Amino acid sequence: MPVVLVVILLIVQFALVFHGRQVADAAAREGARIARSAGTGSGGWQGAAEAKARGIVRAVGPKMLQSVTVRAWQRGDQRGVTVEGDAVAAVPLLPGMSFRITSTFGGPIECFRPDDGTGDCQ
């Protein structure tokens, strides 16, 4: 019976980590969408992208990720969002059982040009 109980707890823990990963992925993906579509000349995109990612975590899985940190980044013409957090533990009494989840999504900054092909990104 103890072996069966341990196996069941491991299955539950795997499911909790998997769901926490899905929450982090959804938050990072939506934050990156905001960051990429802000354009090259607009300021304040970091705050908007991070707020969107935090909102997704609160809406989809507020108890699935703990100690969540959200960071918007830009590297050259790439923008994105990284979401990090700890997955909830099935048995919080076990010491040293921590599952850190990190999810990063990003891509090129969307650039809108006039139809005639002239001008810079707006």
Item to check | Label point distance in nm, Ala59-Phe18, each placed 7 Å from Cα along Cα→Cβ | outcome: 2.5 nm
Next on the checklist: Students often get this wrong, so try it: which of [x] 15.1; [y] 16.0; [z] 14.3 is Kirkwood radius over Cα pairs in Å as calculated from the structure shown?
Outcome noted: [y]
Next on the checklist: Can you compute the FRET efficiency between Ile8 and Thr69 using 1/(1 + (r/R0)^6), with r the Cβ-Cβ distance and R0 = 30 Å? Round to the nearest 0.05.
Outcome noted: 0.45
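Taken together, the values in this text are just the output of simple stated rules run on the coordinates, not laboratory data. The structure displayed is predicted, hence computed values, not measured ones. Cβ sites come from the backbone with ideal geometry, for glycine too, and all protein chains shown count toward neighbours.
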